[in-house]
1. Scan Pro177, Pro166 and give me the residue that is out of contact with any Lys or Arg (no Cβ under 7 Å at 6 or more places or on another chain), over 26 Å from Ile61 (Cα atoms) and within 14 Å of the ligand (Cβ to nearest atom).
2. List the residue pairs whose Cβ atoms are under 6 Å apart, where the first residue sits in segment 1-26 and is over 21 Å from Ala121 (Cβ atoms), the second is away from the ligand (no atom under 16 Å from the Cβ) and β-branched (Val, Ile, Thr), and the two are 6 or more positions apart or on different chains.
3. Identify all residues within segment 110-160 that are assigned to a strand (DSSP E or B) and buried (at least 21 other Cβ atoms within 10 Å of the Cβ); write none if there are none.
4. Just wondering, is there one or more residues in segment 89-108 that are of a type in the set (Gly, Ala, Ser) and near the ligand (Cβ under 10 Å from one of its atoms)?
Amino acid sequence: MDLYEAIKDRRSVRKFKPEPVSKEVLKKVMEMALWAPSGMNLQNWFFLVMTGERKETLVNIISKSYDYIAPALKEVFADKPGVAEFTRKFFKRLGGAPVIVFAYYMATKERPETSIQSVAAAIQNLLLAAHSEGLGACWMTGPIHVADQINELLEIEDKTLAAVIPLGYPDQFPPAPKRKSKRVVYEGFEDK
Ligand SMILES: Cc1cc2nc3c(=O)[nH]c(=O)nc-3n(C[C@H](O)[C@H](O)[C@H](O)COP(=O)(O)O)c2cc1C
């Protein structure tokens, strides 16, 4: 898949087929995540790629995070009430995703922004690689609201949850949301 095409065609997928994803494919996708740039090349990220029984317990915990994001969601999408309802349903089962990736970063002596940006770069690589493998995914920070409960279950104490990414074969192909204009300014070029 052409890189420009992959970047433009990737969508946030929130409904998945129950079909499992092989570990072989997941390993290819995760390898691409690990090729991301990182501040001071510390590669201070950590990914837990989960399927199986424990995933259901985590989905139950994550579903509770919808209550925290609902007020902001309803405000942003005041003109589209369907969005909040769709999102509520999505959070309930994470769209039936057969795999969930938990993306963490480890604190360093640098500012946390550096670590967050490093793990974010890895997540974007992951999303693009997943897309190129025919998989769908959704980058989610909503579940951070219940990070303490997630970490307790996963027995993770020394890392910070950056995002949760449900992953699987897509059962929906959402249209591309419009890009906002005037977000880039060029200066000093001869042509206008
Ligand atoms: C940092 C970040 C956090 C996000 N958190 C959520 C989330 O908690 N729940 C969700 O449904 N989508 C989440 N998204 C997905 C965005 O809603 C989505 O990227 C946006 O609507 C644009 O759609 P697209 O990804 O298909 O281009 C998040 C995306 C990013 C980059």
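1. On the way: Pro166 fails: over 26 Å from Ile61 (Cα atoms).
That would be Pro177, the only listed residue that is out of contact with any Lys or Arg (no Cβ under 7 Å at 6 or more places or on another chain), over 26 Å from Ile61 (Cα atoms) and within 14 Å of the ligand (Cβ to nearest atom).
2. Listed by first residue and then by second, the contacts come to Val21/Val99.
3. Narrowing segment 110-160 to residues assigned to a strand (DSSP E or B): 136-137, 140, 160.
Residues satisfying the conditions are Gly136, Ala137, Met140.
4. At the first step, the residues of segment 89-108 found to be of a type in the set (Gly, Ala, Ser) are 95-97, 103, 107.
Cutting the leftovers down to near the ligand (Cβ under 10 Å from one of its atoms) gives us 95.
The answer is yes, given that some residue of segment 89-108 is of a type in the set (Gly, Ala, Ser) and near the ligand (Cβ under 10 Å from one of its atoms).
Table: residues versus (1) closer than 23 Å to Glu53 by Cα; (2) not small (Gly, Ala, Ser).
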| site | (1), (2) |
| --- | --- |
| Ala103 | yes, no |
| Arg111 | no, yes |
| Thr114 | no, yes |
| Gln117 | no, yes |
| Ala120 | no, no |
| Leu126 | no, yes |
| Met140 | yes, yes |
| Gln149 | yes, yes |
| Leu154 | yes, yes |
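To keep it simple, each residue is scored yes or no on (1) surrounded by fewer than 14 Cβ atoms within 10 Å (Cβ to Cβ); (2) at pLDDT 95 or above; (3) not hydrophobic (A, V, I, L, M, F, W, C).
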| residue | (1), (2), (3) |
| --- | --- |
| Asn44 | no, yes, yes |
| Val49 | no, yes, no |
| Gly52 | yes, yes, yes |
| Leu58 | no, yes, no |
| Ile61 | no, yes, no |
| Phe77 | no, no, no |
| Val83 | no, no, no |
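The values are calculated or read from the model by the stated rules, or taken from the named source; none is laboratory data. Given the structure is predicted, the values throughout are model-derived calculations rather than measurements. In this analysis, Cβ positions are derived from the backbone assuming ideal geometry, glycine residues included, and neighbour counts consider all displayed protein chains.
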